[in-house]
Amino acid sequence: MTTATAGGSGIPAMPERTPRALREAIARHAPQLLADFDAHWRRDIADAYDIAPVPAFMARWWGEYAIARDPLLEQRVHRLEDEAGEATDTDRARALLEEAGHIRRDARQTEPGR
């Protein structure tokens, strides 16, 4: 796993794209996610006889970590989702959730080392 920061911004770089490297990065830089990561791993992956669920698992947690490693981005996503939950206008709520969704999709595309 790399310990460099992304662009020198103080944001930890993304690790190698393996479950072990991702777990180590979460433990080091986003420990608030670790219990859920481990529970999801134990529930869906650890005792599986088929590796088919691994790509979906990695996509989900890759994106979660990509957001959580940047406190400002994490705050923005949560603010958008919270505002959507409180919105009384469905068009406004939809727009807020779409924006949060775009951020989450972009986060899943972050390359290792970035």
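In vacuum, with every alpha carbon of the chain counted as one equal point scatterer, what does the Debye formula give for log10 I(q)/I(0) at q = 0.15 Å⁻¹? Two decimals, please.
One equal scatterer on each Cα of the chain leads to -0.70.
Multiply the residue gap between residue 93 and residue 20 by 0.36 nm, knock off their C-alpha separation, and tell me the result in nm, one decimal place. Write out the running numbers ahead of the final one.
Details: separation 73, 0.36 × 73 = 26.28 nm, distance 3.66 nm.
Fully extending the segment from residue 93 to residue 20 adds 22.6 nm.
Whole-Hz ³J(HN,Hα) for each residue in the stretch 21-35, computed from phi via Karplus 6.51 cos²θ - 1.76 cosθ + 1.60 with θ = phi - 60°, x for glycine and proline: what do you get?
Computed from phi, the couplings for the stretch 21-35 are 5, 5, 4, 4, 5, 4, 4, 7, 10, 8, x, 5, 8, 4, 4 Hz.
Using 0.36 nm per residue of separation minus the Cα-Cα distance, give me the extension gain between residue 102 and residue 51 in nm, one decimal. Working shown, then result.
On the way: separation 51, 0.36 × 51 = 18.36 nm, distance 2.76 nm.
So the chain would gain 15.6 nm between residue 102 and residue 51.
If I take R0 = 35 Å and measure r between the Cβ atoms of residue 82 and residue 42 in this structure, what FRET efficiency does the formula 1/(1 + (r/R0)^6) give, to the nearest 0.05?
Numbers: r = 29 Å, r/R0 = 0.84.
Here the calculated transfer efficiency is 0.75.
Tell me the relative contact order for the stretch 6-108 as a rounded percent, counting alpha carbon contacts under 8 Å between residues six or more apart. Write out the running numbers ahead of the final one.
Numbers: 71 pairs, mean separation 24.0, N = 103.
It rounds to 23 percent for the stretch 6-108.
In deg cm²/dmol and to the nearest 500, what is the mean residue ellipticity at 222 nm of the chain if only DSSP H runs of at least 4 residues count, each as -39500 (n - 2.57), divided by the residue total?
Values: 5 runs with 72 residues, N = 114.
So the calculated ellipticity at 222 nm is -20500 deg cm²/dmol.
Read-outs throughout are calculated quantities, based only on the coordinates presented, and are distinct from any laboratory measurement. The structure displayed is predicted, hence computed values, not measured ones. In this analysis, Cβ positions are derived from the backbone assuming ideal geometry, glycine residues included, and neighbour counts consider all displayed protein chains.
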